[in-house]
């Protein structure tokens, strides 16, 4: 029985009349029950006074039955309204603040998301705070028959530039993120970077995507959480770090770096989760401070590249990097020697990369001009890696052919006589096809001996490779 029907009798108050409680917009059992009890007592009085009149008694008994039935139904309705309405409101509130969870994979320290372009099969895109627009691999764009026009030259880490094209009438979506789509803006040649990642590298998404949400990055769970940027409220134990988004869409923050044997230097850095390293210092700062003339131990960069091609520099350490209250001791540092490109930008001291970011749960809250860093269980881990001395890239249809692209002098690899273009075919008796490039690079950063089989033309070599600390 609905409320309107309960109040149909014009001689009785309606349900709405019963519930004129200024503190509640809903009828309650306490509001209705006294009225119905009063009416029951009145009928009992009439019944007792007319007990000698059987017909009247029967009539009043029937009326009493009807009234009691109405009492029960009204009380149940009031109880139901009282209990269900707040639950609906709580559910609506919860739904509005529950983030969308998007899983990701890690490929050589890069966050890889599944993306569809114009409803294509899922593609692999890198999430990169060092990027602004959505970019697709130009070869993939041609396979998808996307509309390409004009010519565009784009730079990045490395001293060169890449030549690509504008993309028209193409959008990307992310499975599991309903109602979201954004334009794909550029097509660039990315196949060379795919070989360094060891998997398909179909594109990049950056700040235009990030700015639509508060993006929470959980490196340990391998999850993004996309929060409603208007309703997001942070209540964790992390620290909010002010940022400014520059014209390239990059988040710029203030940090402090202390060179070995030097004084702390404060300056501007870009948080670049698309950079696989820990810390990169730009060449103007390196030169101005004479950081490579201090006599500290460094090694040559091999196998590092960005959108601008090969990166030139030396690898060493600084004493400390400080972001807000967080002090990161002895981070492995690239001291750039690039003469052009992102790592030669004099407006910034450097670039803070994924190896630092992974020590935190990171919240990218561009709308409030901040990032939030919340230390995770990796925070206290030292940058304590070893070096094999080989740079590898993955080739072939499944990226399971591992070719040496560089050999570091005075390293375990050079001491064994390994050469450029050698192909690793087995490790500890297991075919190399059982590994991927990310796994091999992780293995070769540990001070563990490996029996490595190498193909060099028609020659097969077996060597015992033992990575060690070099800096």
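Quick check on residue 273: is it surrounded by 16 or more Cβ atoms within 10 Å (Cβ to Cβ), at negative phi and outside any strand (DSSP E or B)? So residue 273 fits the description; yes.
Residues of region 143-157 that are farther than 17 Å from residue 173 by Cα and in contact (Cβ under 8 Å) with a residue 12 or more places away in the chain: 147, 148, 149, 150, 151, 152, 154, 155, 156, 157. Taken together, 78, 165, 134, 159 contain a single residue that is touching a helix residue (DSSP H, G or I) at 6+ places or on another chain (Cβ under 8 Å), at pLDDT below 95, surrounded by 13 or more Cβ atoms within 10 Å (Cβ to Cβ) and closer than 17 Å to residue 189 by Cβ, which is 159.
Between 236, 249, 267, the distinction of being under 27 Å from residue 349 (Cβ atoms) and part of a loop (DSSP other than H, G, I, E, B) belongs to 249 only. Taken over region 210-228, residues that are in contact with a strand residue (DSSP E or B) (Cβ under 6 Å, 6 or more places away or on another chain) and buried (at least 16 other Cβ atoms within 10 Å of the Cβ) amount to 11.
Table: residues versus (1) crowded, with 23+ Cβ neighbours inside 10 Å; (2) over 28 Å from the mean Cα position of the chain (by Cα).
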{"site": "277", "(1), (2)": "no, no"}
{"site": "298", "(1), (2)": "no, yes"}
{"site": "333", "(1), (2)": "yes, no"}
{"site": "343", "(1), (2)": "yes, no"}
{"site": "364", "(1), (2)": "yes, no"}
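As a summary of the residue check, residue 448 satisfies the conditions (1) farther than 23 Å from residue 195 by Cα; (2) within 35 Å of the chain's Cα centre (by Cα); (3) touching a residue at least 40 places away in the same chain (Cβ under 8 Å) except for the one numbered (3).
Yes or no, residue by residue, for (1) in a loop (DSSP other than H, G, I, E, B); (2) within 30 Å of residue 178 (Cβ to Cβ):
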{"position": "215", "(1), (2)": "no, yes"}
{"position": "221", "(1), (2)": "yes, yes"}
{"position": "241", "(1), (2)": "no, no"}
{"position": "255", "(1), (2)": "no, no"}
{"position": "263", "(1), (2)": "yes, no"}
{"position": "277", "(1), (2)": "yes, no"}
{"position": "280", "(1), (2)": "no, no"}
{"position": "288", "(1), (2)": "no, no"}
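Is it the case, given these coordinates, that residue 221 is within 25 Å of residue 103 (Cα to Cα) and without any contact (Cβ under 8 Å) to a residue 60 or more places away in the chain? Answer is yes for this residue. For region 373-381, does any single residue satisfy the condition of being farther than 19 Å from residue 216 by Cβ and touching a residue at least 60 places away in the same chain (Cβ under 8 Å)? There is no residue in region 373-381 that is farther than 19 Å from residue 216 by Cβ and touching a residue at least 60 places away in the same chain (Cβ under 8 Å).
The values are calculated or read from the model by the stated rules, or taken from the named source; none is laboratory data. Note that the coordinates shown come from a computational prediction; the quantities given were computed from them, not determined experimentally. Please note: Cβ atoms are built from the backbone with ideal geometry, for glycine as well, and neighbour counts cover all protein chains shown.
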